[in-house]
Amino acid sequence: QVAAAGQLLGRSFSGRATATQEVDLSFRVSGPLIVLANDIVGQEFEQGERVARLDPRDYEVELENAQGQLARAEAALERARNDYQREQRIFAEDAGATSQAAVERKLAGRDTAAADVKALKATVAAATDRLAYTTMEAPFKGTVVSQSVQNFEHVNAKQPIVRMVDDSRVEMVVNIPENLISNLNYISNIRVHFDAFPDVEVPATVKEVGKEASKTTRTYPVTLIMEQPQGTRILPGMAGRATADNTAGTDSGGAAGKAIVVPITAIFSPQQNDQSFVWVGDAKTGSVSR
């Protein structure tokens, strides 16, 4: 009795193509758009290339104000340090000319000025980040497939602007019944035919196997991944069907008839013997042998 691996042979499993990476791009700050091409859909971008930009003037002013406040605070800190050092020196040379309380007040003034500088450095860093956030860059090499707004519109933070996908490789999820999923190791030469290109055979490999079956369909999701075929472009959303060959009846070199898969219940091990056996039938003699 051959195991259920052969049940995968000749069967096809349907699914839809998805991009390996896809993301809705948005800004982290609000403002009016000043750079966004009206024909951006279909345009390809390299990783790190500018896709869109907000008017940066308000954020440039915010940064300049923060930098000015920081410069004044650093000058105040320098004066507070000098005052503290001078008060310390006077107290050390002539204790009657000042007091310990005066020294401690100068020390507190120095520490307060240092805290102001630290806080304003954080303000400058935040303003620098907000200015940088006015530029939207491609997070990976990909193509813009949809556009949600037009140039010169005022957009809010986290509002979707464009959708970008990386379709240099394509994925497809197929659902394998739970009674067949354990035989996935016995298949090879996976290929996918998409409905839009029925004559194009796209080689695929297993990227990921789901760890839990669907409670409603009792199937396991299996993610296939494939390169884009030459001369054809598989787009996200295209429907296709995956098929594969059964390797249960081949040896490691691919020769047929060298090995079969049998149920675990057909294997037995005699007592006081470390070997395992199955019964093999001879159709000519009508006999079986171990």
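The values are calculated or read from the model by the stated rules, or taken from the named source; none is laboratory data. Given the structure is predicted, the values throughout are model-derived calculations rather than measurements. Cβ coordinates were reconstructed from backbone atoms using ideal geometry, including for glycine residues, and neighbour counts include every protein chain displayed. Areas reflect the complete protein model, heavy atoms only, side chains present, ligands, DNA and RNA absent. Shrake-Rupley method; radii C 1.70, N 1.55, O 1.52, S 1.80 Å.
Give the lysines reachable from LYS284 as a straight Cα distance under 30 Å; neighbours fewer than 8 places away on the same chain don't count. Of all the lysines, those that pass the test against LYS284 - Cα under 30 Å, at least 8 places apart if same chain - are LYS258.
Going by Cα centres, region 163-203 and region 80-101 are how many Å apart? If we compute the Cα centre of each part, the gap is 80 Å. Percent of C-alpha pairs per 10 Å bin in region 59-108, short distances first: 26, 32, 19, 15, 7, 1. What does the net charge come to around GLU137 if you take all other residues with beta carbon closer than 11 Å to its beta carbon, with K and R at +1 and D and E at -1? So the environment of GLU137 carries a net charge of 0. Averaging sequence separations of C-alpha pairs under 8 Å and six or more residues apart, then dividing by the length of region 5-113, give the relative contact order as a whole percent. The normalised contact order for region 5-113 reaches 19 percent. Within a straight-line Cα-Cα reach of under 29 Å, LYS118 can be paired with the following lysines, leaving aside sequence neighbours fewer than 8 residues apart in one chain: LYS106. For region 87-149, taking Cα atoms only, Rg and Dmax work out to 25.7, 80 Å respectively. The residues of region 41-86 have, on average, 65 Å² of accessible surface per residue, using a 1.4 Å probe with all protein chains present. Can you figure out the FRET efficiency of GLN159 with GLN230, using R₀ = 45 Å and their beta-carbon distance, to the nearest 0.05? The calculated FRET efficiency here is 0.70.
Binning the alpha carbon pair distances of the chain at 5 angstrom intervals from zero yields the distribution 1, 5, 8, 8, 8, 8, 7, 7, 6, 6, 5, 5, 5, 4, 4, 4, 3, 2, 2, 1, 1, 0, 0, 0, 0, expressed in whole percent. For the chain, a crude dipole built from +1 on the beta carbon of Lys and Arg and -1 on the beta carbon of Asp and Glu, taken about the Cα centre, is about 720 debye to the nearest 20. The value of relative contact order for region 61-214, using C-alpha pairs under 8 Å at least six residues apart, is 17 percent.
A full extension of the chain between ILE34 and GLU201 corresponds to an added length of 55.7 nm, given 0.36 nm per residue minus the alpha carbon distance. Helices in the chain, meaning DSSP H runs of at least 4 residues, each add -39500 (n - 2.57). Divided by all residues, the mean residue ellipticity at 222 nm is -9000 deg cm²/dmol. Working from Cα pairs under 8 Å separated by at least six residues, relative contact order for the chain is 29 percent. With Cα atoms as the point set, region 131-222 shows a radius of gyration and Dmax of 19.9, 57 Å. Under 15 Å of direct C-alpha separation, and excluding same-chain neighbours fewer than eight residues apart, LYS215 reaches these aspartates and glutamates: GLU178. Counting only protein heavy atoms and a probe of 1.4 Å, the accessible surface of region 1-126 is 46% carbon and sulfur.
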